[in-house]
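Encoded as structure tokens, the structure appears first; notes follow it.
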Amino acid sequence: MDALFSDRIRDVPRSFIREILKVTMDRQMISFAGGLPNRQFFPVQQLQKACERVFAVRGGDCLQYSNSEGLIELRRYIARRYKTVQGISLDPDQILITNGSQQALDLIAKATLNDGDPVIIEEPGYLGAIQALSLYRPAFLPVAVDDEGIDVQGLANAINSRPKMMYTVPNFQNPSGISYSQEVRKQVAGLVAGSGCLLIEDDPYGALRFKGTPVDSFFHFLPGQTILLGSFSKIVVPGFRLGWVAAPETILEKLLVAKQASDLHTCNFTQYVILEYLHNNDIDGHIKTICDAYGNQCRAMIDAIEREFPADVHCTRPEGGMFLWGKLPEPVSSLALFDKAVERKVVFVPGEPFYTRKVRTSAFRLNFSCVDESVINDGIARLAEAIRSLQLDQR
Ligand SMILES: Cc1ncc(COP(=O)(O)O)c(C=O)c1O
């Protein structure tokens with residue numbers, strides 16, 4: 001049977017997180033494992049109204065085949081928002097609407113990577129990117145991230161291998177929650193400039209800042225080399241699968257070919273609906289509501305960690321997004337902690353799947369967007385118990 005499958009699909013495992021999520025079906029289980037936006041903030045009624053209006057105004061047109069680039073009105077909206085929020089000037093023709101930013105990753109890899117091409121990736125890095133890029137069989141060059149961003153010396157070494165691209169989530173990274181400081185961004189841009197390496201800036205969480213001040217996109221430093229990925233998943237709804245890629249026109253042309261070959265175009269109807277929603281609702285007010293809630297939940301989680309966890313457990317202090325990253329003192333394995341945690345009916349994601357190489361790590365990801373404060377307190381207390389039990393076993 002194995003002979004049926006391509007080398008590229010045989011080598012890529014199923015998403016570990018999707019496997020973990022099966023455990024969370026148990027109603028007693030407290031889950032810090034998910035990566036979901038909080039459904040409490042899905043604007044269901046507003047989207048229902050938008051659907052009705054789109055049907056009333058557009059009739060069958062909104063159900064017809066459409067162009068591959070995506071609705072021009074939606075691309076204009078995105079370009080305007082880049083200008084007003086980040087001061088980035090883009091032509092709408094530099095934007096391609098995709099089935100979530102996840103599809104953009106696949107299209108970029110399809111259009112640029114040959115087997116064995118070097119690709120810089122953060123370590124730990126976004127699991128979905130590891131999976132999407134792995135299908136095109138690159139040679140990953142993992143570079144560590146710490147509280148300030150990527151390790152600049154490690155990046156300098158990796159650049160010497162002439163990578164085709166660097167994939168980064170510089171704002172509230174998944175899985176660690178960290179953001180690159182302005183200084184690290186400048187240094188990264190200095191290293192990447194003129195190297196022939198594309199910089200893929202994946203930014204699904206940038207709008208979800210609940211603390212601190214915004215930092216410049218890599219586009220400001222490297223406009224000709226940066227590809228921007230964006231998404232409506234975390235600020236409106238993920239189920240519409242609406243994201244985008246913005247790139248220099250010569251690159252976008254190739255992404256368009258990959259898009260046409262893949263699925264012709266992104267769903268026409270949902271593009272009209274989101275546009276209608278965006279025109280008739282206060283998106284900034286909506287984002288602020290989400291940020292306030294996630295900020296409170298993040299604070300509650302950090303407070304509970306400081307109260308409950310042994311003092312030698314390190315955790316990141318995100319200023320936005322949906323995740324934080326814990327680390328037990330070595331050499332305890334987060335997989336061993338996972339088993340202890342499941343016994344106490346609490347789950348998280350162990351660190352291992354966020355690495356492109358086989359590692360044993362004591363790090364783990366905690367999600368705070370989908371759990372309210374009382375559940376956070378209970379779950380962190382259970383997790384603290386699991387940590388203490390594991391540490392006792394190790395003695
Ligand atoms: C860093 C990162 N990139 C991309 C995605 C995929 O987002 P989308 O729903 O736009 O495909 C996610 C989803 O969790 C993510 O965390």
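When 360, 307, 344 are checked against the criterion of being touching a Lys or Arg at 6+ places or on another chain (Cβ under 7 Å) and surrounded by fewer than 22 Cβ atoms within 10 Å (Cβ to Cβ), a single residue qualifies: 344.
Scoring residue 131 on the criteria (1) at pLDDT below 95; (2) surrounded by fewer than 17 Cβ atoms within 10 Å (Cβ to Cβ) leaves a single failure, condition (2).
Yes or no: region 213-226 includes at least one residue that is within 15 Å of the ligand (Cβ to nearest atom), surrounded by 20 or more Cβ atoms within 10 Å (Cβ to Cβ) and assigned to a strand (DSSP E or B). Looking through region 213-226, none of the residues is within 15 Å of the ligand (Cβ to nearest atom), surrounded by 20 or more Cβ atoms within 10 Å (Cβ to Cβ) and assigned to a strand (DSSP E or B). From the list 234, 164, pick out the single residue that is farther than 17 Å from residue 85 by Cβ and at pLDDT 95 or above. One residue alone meets the criteria, 164. Scanning region 197-219 for residues that are closer than 22 Å to residue 132 by Cβ and free of Cβ contacts under 8 Å to residues at least 40 places away in the same chain turns up 199, 201, 203.
Could you tell me whether region 52-69 includes any residue that is within 14 Å of the ligand (Cβ to nearest atom), outside the structural domain of residue 19 (by TED's automatic domain parsing) and at pLDDT 95 or above?
Step one: of region 52-69, the residues within 14 Å of the ligand (Cβ to nearest atom) are none.
Looking for residues that are within 14 Å of the ligand (Cβ to nearest atom), outside the structural domain of residue 19 (by TED's automatic domain parsing) and at pLDDT 95 or above, one finds none in region 52-69, hence no.
Here residue 378 clears all of (1) closer than 19 Å to residue 23 by Cα; (2) buried (at least 16 other Cβ atoms within 10 Å of the Cβ); (3) out of contact with any Leu (no Cβ under 7 Å at 6 or more places or on another chain); (4) not basic (Lys, Arg) except the condition numbered (2). Are any of the residues in region 112-121 among the acidic types (Asp, Glu) and more than 16 Å from the ligand (Cβ to nearest atom)? Looking through region 112-121, at least one residue is among the acidic types (Asp, Glu) and more than 16 Å from the ligand (Cβ to nearest atom). Could you list all residues from region 230-286 that are of a type in the set (Val, Ile, Thr), farther than 28 Å from residue 220 by Cα and more than 16 Å from the ligand (Cβ to nearest atom)? Correct list: 273 only.
How many residues are within 16 Å of the ligand (Cβ to nearest atom) and over 30 Å from residue 269 (Cβ atoms) if we restrict to region 194-212?
Restricting attention to region 194-212, the residues satisfying the condition of being within 16 Å of the ligand (Cβ to nearest atom) are 199-209.
So of that shortlist, the ones also over 30 Å from residue 269 (Cβ atoms) come out as 199, 209.
Going through region 194-212 one residue at a time, the tally reaches 2.
Report, by residue number, each residue of region 14-39 that is surrounded by fewer than 11 Cβ atoms within 10 Å (Cβ to Cβ) and either more than 22 Å from the chain's Cα centre (by Cα) or in contact (Cβ under 8 Å) with a residue 12 or more places away in the chain (or both). Can you show your working first?
Applying the first criterion (surrounded by fewer than 11 Cβ atoms within 10 Å (Cβ to Cβ)) to region 14-39 yields 14, 18, 22, 25, 27-28.
Matches in region 14-39: 25, 27, 28.
Of the helices (runs of 4 or more DSSP H) lying entirely inside region 50-154, those containing at least 3 residues that are free of Cβ contacts under 8 Å to residues at least 40 places away in the same chain are 72-81. Taken across region 150-161, residues that are away from the ligand (no atom under 16 Å from the Cβ), modelled with pLDDT of 95 or more and touching a Cys at 6+ places or on another chain (Cβ under 7 Å) do occur, with at least one present. Residue 270 passes every criterion in (1) in contact (Cβ under 8 Å) with a residue 40 or more places away in the chain; (2) over 20 Å from the mean Cα position of the chain (by Cα); (3) under 30 Å from residue 56 (Cα atoms) apart from (1). Does residue 259 count as at pLDDT 95 or above, part of a helix (DSSP H, G or I) and surrounded by 20 or more Cβ atoms within 10 Å (Cβ to Cβ)? When the stated conditions are applied, residue 259 passes them. Checking the condition modelled with pLDDT under 95 and either in a helix (DSSP H, G or I) or of a type in the set (S, T, N, Q) (or both), which residue from 332, 342 passes? Just a single option satisfies the conditions, and that option is 342.
The values are calculated or read from the model by the stated rules, or taken from the named source; none is laboratory data. Model, not experiment: these values are computed from the prediction. Glycine gets a Cβ as well: all are built from the backbone with ideal geometry, and neighbour counts include every protein chain shown.
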